[in-house]
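Encoded as structure tokens, the structure appears first; notes follow it.
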Amino acid sequence: MSKRRALGQHFLRDPAIARAIVDVVAPTASDRVVEIGPGEGALTGELARRAGHVVAIEVDHELAARVRARFPGVEVVEADARTWDYATLEAAPGGRVLVVGNLPYSVSKPIVMSLVTARAAVDEMALMLQREVAERLAASPGNKTYGSLSVFTQLACEVRIALRVPPGAFRPPPKVESAVVHLVVQRAPRVRIEDEHRFHVVVRAAFAHRRKTLGNALARTLGLPVERVRAAAEAADIDPGRRAETLDLAEFARLAARLA
Ligand code: SAM
């Protein structure tokens, strides 16, 4: 596979779309921005012009060197955005920490999970994703795209789809459609979670067998007796015959607490 394909290198060629993406978080001089995957710098110039400081994380050595030469005021870090430590970011007094990126689609989910995990360090994000992934992040319970990524993201953030972008806006055009999501990190948790690790395990287990009932999916994935799972669901006021995709955040939180 070519490096270009492996690293999802589809570059934005429309400056109006680049500006519209940056407008989603509207950086000001007091804000610090982390750009994920600057590539050839389609978003970087607009970010550098508007934000107080820009850190750009690029895994491709040649592209990192080019962006560094083209935008000397930008701090270019050659690193993997899946594992970069976002928790080290600090806002300037009175400013925000923003994350902006046209993400490499093949690794967009682990990058989103790293960002959600580092939410204490981030205020807002504008992320271009494959349209289906963007819709999954924003999906409500009952929607067939609602899954564990929706639950984990919405636990931490207000999510909305800000912009849809056609394949022709990129060079080379990807085979899929794209959309930009606007994520606003919530400082107060949207529901109270006693044990975040357990919450993650229960949510993932519930969605591991989407076509099974909640009781059967959890029993099977967690290796628990089905009666024990059914009793926990009923104690949480949830019918174990429902499917995972119908549960909202508060119901998952109650269920995880009862499955201690
Ligand atoms: N921002 C540019 C634009 O909009 O034209 C480029 C976007 S391109 C879809 C994705 C970029 O992410 C590429 O520059 C690619 O080299 C970089 N990339 C791929 N995997 C990465 C990773 N794990 N960590 C950081 N950057 C990565």
Fill in the blank from the handout: Long-range amide H partners of S178, meaning residues 5 or more apart or on another chain whose placed amide H is closer than 5 Å, are R131, V165
Exercise for the section: Quick one: what are the phi-derived ³J(HN,Hα) couplings along the range 25-35, Karplus 6.51/-1.76/1.60 with θ = phi - 60°, whole Hz, x for glycine and proline? Expected result: 10, 6, x, 10, 5, 8, 8, 10, 10, 9, 9
Handout entry: Percent of Cα-Cα distances greater than 15 Å, calculated over the range 1-64
Key = 52 percent
Handout entry: R0 of 35 Å, Cβ-Cβ distance V201-K144: FRET efficiency to nearest 0.05
Key = 0.90
Practice task
State the extension gain, in nm to one decimal, for the chain segment bounded by H61 and S106, taking 0.36 nm per residue of separation less the distance between their alpha-carbons.
Solution key: 14.3 nm
Practice task
Give me the number: length gained by fully extending A16 to R171, i.e. 0.36 nm times residue separation minus the C-alpha to C-alpha distance, one decimal in nm.
Solution key: 54.3 nm
Practice task
Heavy atoms only, probe 1.4 Å: what % of the accessible area of the chain goes to carbon and sulfur, would you let me know?
Solution key: 50 percent
Practice task
Read phi for every residue in the range 84-90 and hand back ³J(HN,Hα) as whole Hz from Karplus 6.51 cos²θ - 1.76 cosθ + 1.60, θ = phi - 60°, with x for Gly and Pro.
Solution key: 4, 8, 5, 5, 7, 6, 10
Exercise for the section: Of all alpha-carbon pairs in the range 74-140, indicate the percentage at a distance above 15 angstrom. Expected result: 56 percent
Problem - Compactness index (Cα Rg / 2.2 N^0.38 Å), the chain - result: 1.09
Completion exercise
Per the rule of 0.36 nm per residue minus the C-alpha distance, extending A26 to A260 adds in nm 80.0 nm
Practice task
As a check on your grasp of the helix formula, calculate [θ] at 222 nm for the chain: sum -39500 (n - 2.57) over DSSP H runs of n ≥ 4, divide by the residue count, round to the nearest 500.
Solution key: -11000 deg cm²/dmol
Problem - On Cα atoms only, tilt of 226-235 relative to the major axis of the chain in degrees - result: 80 degrees
Practice task
Name the long-range amide H neighbours of V34: under 5 Å, sequence gap of 5 or more, or other chain; modelled H, no Pro or chain starts.
Solution key: V55, L98, V99, V100
Handout entry: Spherically averaged projected area in nm², based on the convex hull that wraps the Cα atoms of the range 196-258
Key = 3.4 nm²
Handout entry: For C157, distant residues with modelled amide H under 5 Å away
Key = Q186
Problem - Long-range lysine pairs (8 or more apart or interchain), the chain, Cα under 24 Å - result: 6
Handout entry: Under the Karplus curve 6.51 cos²θ - 1.76 cosθ + 1.60, θ = phi - 60°, whole-Hz ³J(HN,Hα) for the range 147-158, x wherever Gly or Pro sits
Key = x, 4, 5, 5, 5, 5, 5, 6, 5, 9, 9, 7
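The values are calculated or read from the model by the stated rules, or taken from the named source; none is laboratory data. All of these numbers come straight from a predicted model, not from anything done at the bench. Neighbour counts are summed over all protein chains in view; Cβ atoms, including those assigned to glycine, are modelled from backbone coordinates with ideal geometry. The accessibility values were calculated without ligands, DNA or RNA, using every heavy atom of the protein model including side chains. Shrake-Rupley method; radii C 1.70, N 1.55, O 1.52, S 1.80 Å.
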